[in-house]
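Below: one structure, written as structure tokens.
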Amino acid sequence: MGGTMTSSTLRLALPGDSPPNVIHLSDLHLRDATTLRNAQRLVDHIAWRFRNTPTLVVLTGDIIDTPDPGLWTQAETLLRPLRAANIPVVACPGNHDVAWMGLVGRERYRTMALQWLAQSAGAPPPELSWPRVYRAASLSLILCDSNQGHNKLATGQLGYPQRMALALACQSASERGDQVIVALHHHPMSDDPSLRLKDADALLHLLSSRCDVLLCGHLHQAAAWSEVWGIRRVYAADASTRSLRYRHLWYDAGRWLSSWVHLNQALLPPYPSASSS
């Protein structure tokens, strides 16, 4: 893919001088009553627990299971409790968001996904380039589109222009003294030929010593690494609507910490719902 990409920046209105709480969700795969119900449980719990604290939610793709206007409408409705709780939601696209069943891409599917991201997840208009940079307090959160170019099966790539824009965005954030979190859908450590990020090695090389936390999804397998590839923390999410859990990250005493929040029966309703306030 040729051309030049430049990152676009959006300031998030969150109070405080330190990086906010970061909630990582991925691979909701909204498609039926079960996934919608489980996603609503997750959203309601996040809105309730973090209502009065500086918090943002990061969705690393595969929000819906296959491109469909009705599913995007349901995804929009799903996020309302978070907005009511003043919790921003930012998201990057997964292969299922831009391709039929995650495999067959069409330009109209991609357009539909980018329009939803712009209208519902705080992304700049679709005509602006990836990566997207979101700033809050001393945090720069950089979201990438790993569905650039032509990809077979469920593979992905960022492409050279986006990688160069990402390197510049990371460098600018570091010069400001920000903590840097980079998020994308495809798992850069997967070597599965049908799922891999084709330019993963190039991505990990450029993030070395430039990135504090890397977030991803795609494989539906949760994992965590510390101090690898010159990156302080790498967190891969599972399919949140299947596992009924989310990862909570927070910054304390100069380092990022994290824990899983499991929605077992003890955590499900009754609890106050932000959507009812």
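The values are calculated or read from the model by the stated rules, or taken from the named source; none is laboratory data. On a predicted model such as this, the values are computed, not experimentally measured, just so you know. All Cβ positions, glycine included, derive from the backbone under ideal geometry; neighbour counts span all protein chains shown.
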Quick one: is residue 43 of a type in the set (A, V, I, L, M, F, W, C), touching a helix residue (DSSP H, G or I) at 6+ places or on another chain (Cβ under 8 Å) and in a helix (DSSP H, G or I)? yes
From the list 16, 61, pick out the single residue that is on the phi > 0 side of the Ramachandran plot and in contact with a strand residue (DSSP E or B) (Cβ under 7 Å, 6 or more places away or on another chain). 61
Between residues in segment 77-101 that are closer than 18 Å to residue 36 by Cα and residues that are surrounded by fewer than 21 Cβ atoms within 10 Å (Cβ to Cβ) and among the aromatic types (Phe, Trp, Tyr), which pairs lie under 8 Å by C-beta distance while being six or more apart or on different chains? 97/109
Going through segment 134-181 one residue at a time, which ones are part of a strand (DSSP E or B) and more than 20 Å from residue 94 (Cβ to Cβ)? 135, 136, 139, 140, 179, 180
Only one of these is in contact with a His (Cβ under 6 Å, 6 or more places away or on another chain), of a type in the set (A, V, I, L, M) and at pLDDT 95 or above: 249, 219. Name it. 219
Report every pair of residues separated by at least 6 positions or lying on different chains whose Cβ atoms are under 6 Å apart, first residue within segment 106-121 and under 26 Å from residue 11 (Cβ atoms), second among the aliphatic types (A, V, I, L, M). 113/98; 117/91; 117/123; 121/89; 121/90; 121/91
Of those in segment 216-247 that are basic (Lys, Arg) and in contact with a strand residue (DSSP E or B) (Cβ under 8 Å, 6 or more places away or on another chain), the residue surrounded by the most Cβ atoms within 10 Å (Cβ to Cβ) is 247
Do you know which residues across segment 210-227 are under 16 Å from the mean Cα position of the chain (by Cα), closer than 15 Å to residue 180 by Cβ and part of a loop (DSSP other than H, G, I, E, B)? 211, 212
Go through (1) farther than 21 Å from residue 221 by Cα; (2) under 17 Å from the mean Cα position of the chain (by Cα); (3) surrounded by 16 or more Cβ atoms within 10 Å (Cβ to Cβ); (4) of a type in the set (Asp, Glu) for residue 44 and report which single condition fails. (2)
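Here's the yes/no breakdown for (1) at pLDDT 95 or above; (2) farther than 19 Å from residue 88 by Cα; (3) basic (Lys, Arg):
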{"residue": "32", "(1), (2), (3)": "yes, yes, no"}
{"residue": "47", "(1), (2), (3)": "yes, no, no"}
{"residue": "55", "(1), (2), (3)": "yes, no, no"}
{"residue": "60", "(1), (2), (3)": "yes, no, no"}
{"residue": "68", "(1), (2), (3)": "no, yes, no"}
{"residue": "71", "(1), (2), (3)": "yes, yes, no"}
Residue 200: closer than 22 Å to residue 145 by Cβ and either touching a strand residue (DSSP E or B) at 6+ places or on another chain (Cβ under 9 Å) or in contact (Cβ under 8 Å) with a residue 12 or more places away in the chain (or both), yes or no? yes
Quick check on segment 98-133: of everything there that is at pLDDT below 90 and part of a strand (DSSP E or B), which residue is nearest to residue 213 (Cα to Cα)? 99
Right, residue 147: polar (S, T, N, Q), in contact (Cβ under 8 Å) with a residue 60 or more places away in the chain and buried (at least 20 other Cβ atoms within 10 Å of the Cβ) or not? no
Is it the case, given these coordinates, that residue 68 is under 27 Å from residue 197 (Cβ atoms) and surrounded by fewer than 18 Cβ atoms within 10 Å (Cβ to Cβ)? yes
